[in-house]
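The values are calculated or read from the model by the stated rules, or taken from the named source; none is laboratory data. None of the values given here were measured: they were computed from a predicted structure. Counting neighbours? That spans all protein chains shown, and the Cβs are built from the backbone with ideal geometry, glycine included. Note: areas computed on protein heavy atoms with side chains; ligands, DNA, RNA excluded. Shrake-Rupley method; radii C 1.70, N 1.55, O 1.52, S 1.80 Å.
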Amino acid sequence: MNFNGVDFDTYFKHFPDKNGFFGKYGGSFVSPELQKAMDEITEAYFTICKSRKFIAELRRIRKEFQGRPTPISHLERLSNSIGNVQLYAKREDLNHSGAHKLNHCMGEALLAKYMGKKRVIAETGAGQHGVALATAAAYFGLQCDIYMGAVDIKKQAPNVARMKILGANVIEVTEGLQTLKEAVDAAFDAYAKDYKDSIYCIGSVLGPHPFPLMVRDFQSIVGIEAREQFTGMTGELPDAVVACVGGGSNAAGMFAGFLNDPVDIYGVEPLGRGPKLGDHAASLKFGTEGIMHGFNSIMLKDENGEPAPVYSVASGLDYPSSGPEHAFLHELGRVKYDVVDDEETIDAFYKLARMEGIIPAIESAHAVAFAMRLAKQMDHGSILINLSGRGDKDMDYVIENYGIR
């Protein structure tokens, strides 16, 4: 399959290139001192990812600790309520710790052990990456520092408690809007001061090279499993694949399994309260090219060209940029990116819970909402949704702000 001159038969061999670029997006834009740390991580990863011992250990962890493979569920009642299109969900909410994030956190922590690091450092928005990394740190006996915005700490109290129970040091970030962007700023600053004994475990397919590549590789298990499972269940490929996109780790993992197939692929961004700057976090829809947090991608900017304030009902999606691979796939036209607002998201949150007995993360509910909309536009066919996480963390917030519907 070819899109705008890119052959997806050999896509993963060529993208990113040796400098971490997906076309013009990606790269590593950090200080010379921090670049030394990035080079060390790159060398270690490219060595260990080809190691039979590393691969065997990661497979064992996925099977015996994470509970992989996660299943696919046919959302029959929800499908029937809409029309003739059949909806399916890849159940990453059933991955240990409740979301897809553990897929790359266990890999990153295993890499940290290989490199002789004593501490893992990370940011978190919705808290799922923080919980996953705290889980991985406890498993491998590593110290763990998690930076989290004060606003998100209040919204995601259950995940904050989980991180602390697992032994992580949760550091409240009170600068700026006190959400995910500021948490990343703080985590980067901390890592720059202690990179010799620590490794920064970025929570999505963003940041300087090699993180967009490395996180995608670890998350690709989602798409690989989903493709095999879906064809086994139905005898064919889905007509469409849908995943939510903030930084975009769950989407990159899911899409990796289908990029070379005749399947429509959709990434769903948060429209929040509406299209006005500051009311959403839909960078690919409304943003322009720019560099932040060490990588070049599409970002939302204020009047001074700086990262703009963003908002989403989902703490894991309120980031003013998107992973560079998503910017590249958007530019190529291989993946279509659309938006869903808060109201449509909360409606989907409740519909999935009431009709299927699955309470989704608000992030995942964006993908469910879009899939429901897409199903109404199709006469027949099937849609596979990446249900990236469970909604335990969101229940109190949803009830307090939207009530029981």
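Within region 340-359, the set of residues being in a helix (DSSP H, G or I) and under 21 Å from the mean Cα position of the chain (by Cα) comprises D342, E344, T345, I346, A348, F349, L352.
Quick grid of which residues meet (1) farther than 25 Å from R373 by Cβ; (2) buried (at least 23 other Cβ atoms within 10 Å of the Cβ):
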site: V268; (1), (2): no, yes
site: P275; (1), (2): no, no
site: A281; (1), (2): no, yes
site: G290; (1), (2): yes, no
site: L317; (1), (2): no, yes
site: H326; (1), (2): no, yes
site: D341; (1), (2): no, no
site: E344; (1), (2): no, no
site: F349; (1), (2): no, yes
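Could you tell me whether D194 is closer than 30 Å to E172 by Cβ, out of contact with any helix residue (DSSP H, G or I) (no Cβ under 8 Å at 6 or more places or on another chain) and open to solvent by 20 Å² or more (accessible area, probe 1.4 Å)? Answer is yes for this residue.
Conditions (1) out of contact with any Pro (no Cβ under 9 Å at 6 or more places or on another chain); (2) within 30 Å of L374 (Cα to Cα); (3) not polar (S, T, N, Q), marked per residue:
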| position | (1), (2), (3) |
| --- | --- |
| R62 | no, no, yes |
| N84 | yes, yes, no |
| A89 | no, yes, yes |
| D93 | no, yes, yes |
| L110 | yes, no, yes |
| Y114 | yes, no, yes |
| T135 | yes, no, no |
| Q143 | yes, no, no |
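All of A126, A89 fail the test of being assigned to a loop (DSSP other than H, G, I, E, B) and under 19 Å from the mean Cα position of the chain (by Cα), apart from A126. Residues that are in contact with a strand residue (DSSP E or B) (Cβ under 6 Å, 6 or more places away or on another chain) and surrounded by fewer than 23 Cβ atoms within 10 Å (Cβ to Cβ) within region 119-144 comprise R119, L142, Q143, listed in sequence order. Against the test of being more than 19 Å from the chain's Cα centre (by Cα) and among the hydrophobic types (A, V, I, L, M, F, W, C), the options F255, F286 yield a single qualifying residue, F286. Scanning region 299-311 for any residue that is of a type outside the set (G, A, S) and farther than 22 Å from G176 by Cβ turns up nothing.
Filtering region 230-266 to residues that are open to solvent by 10 Å² or more (accessible area, probe 1.4 Å), part of a loop (DSSP other than H, G, I, E, B) and more than 26 Å from A126 (Cβ to Cβ) leaves G235, E236, L237, D239, N260, D261, P262. Condition check for E92 on (1) charged (D, E, K, R); (2) in contact with a Gly (Cβ under 8 Å, 6 or more places away or on another chain); (3) open to solvent by 30 Å² or more (accessible area, probe 1.4 Å): one failure, at (3). Once region 360-393 is narrowed to residues that are more than 17 Å from Y88 (Cβ to Cβ) and over 17 Å from the mean Cα position of the chain (by Cα), the residue that is modelled with the highest pLDDT is Q377. Among the residues of region 354-368, none qualifies, meaning not one is farther than 30 Å from Q66 by Cα and open to solvent by 60 Å² or more (accessible area, probe 1.4 Å). Looking only at region 293-306, residues that are crowded, with 21+ Cβ neighbours inside 10 Å, in a strand (DSSP E or B) and not hydroxyl-bearing (S, T, Y) come to 4 in all.
Could you list, in sequence order, the residues of region 267-283 that are touching a residue at least 24 places away in the same chain (Cβ under 8 Å), part of a loop (DSSP other than H, G, I, E, B) and not aliphatic (A, V, I, L, M)?
Hits for region 267-283 are R273, G274, G278, D279, H280.
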